[in-house]
Amino acid sequence: HAALIRQVTRSKDYYEILGLEKTCSVEEVKKAYWKLSLKVHPDKNKAPGADEAIKIVSKAF
């Protein structure tokens, strides 16, 4: 999961962070946010940078 944390913290584009196209629906954004937030949340992911990654993912949502 450390690689996922690095990917999230290095990306500047919110769609890229969530793994979505710019033409996606609101429902797709919600689903992608939910899945990614579970993977990077510090309670689930002990990798360094998880605290920052969840903040970035939340901002992307």
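Coordinate-derived values only; no laboratory data. Please read these numbers as outputs of a predicted model, since none were measured by experiment. When we count neighbours, we look across all protein chains shown, and the Cβ atoms used for this are built from the backbone with ideal geometry, even at glycine.
Restricting attention to the range 4-47 and to residues that are over 12 Å from the mean Cα position of the chain (by Cα), exposed (fewer than 12 other Cβ atoms within 10 Å of the Cβ) and of a type outside the set (Val, Ile, Thr), the residue that is farthest from PHE61 (Cα to Cα) turns out to be LYS46. Filtering the range 1-37 to residues that are in a helix (DSSP H, G or I) and of a type in the set (A, V, I, L, M) leaves ALA2, ALA3, LEU4, ILE5, VAL8, ILE17, LEU18, VAL26, VAL29, ALA32, LEU36. Within the range 48-61, being buried (at least 16 other Cβ atoms within 10 Å of the Cβ) and farther than 11 Å from HIS1 by Cβ holds for ILE54, ILE56, VAL57, ALA60.
Flag set for ALA53, criterion: part of a helix (DSSP H, G or I), small (Gly, Ala, Ser) and in contact (Cβ under 8 Å) with a residue 24 or more places away in the chain.
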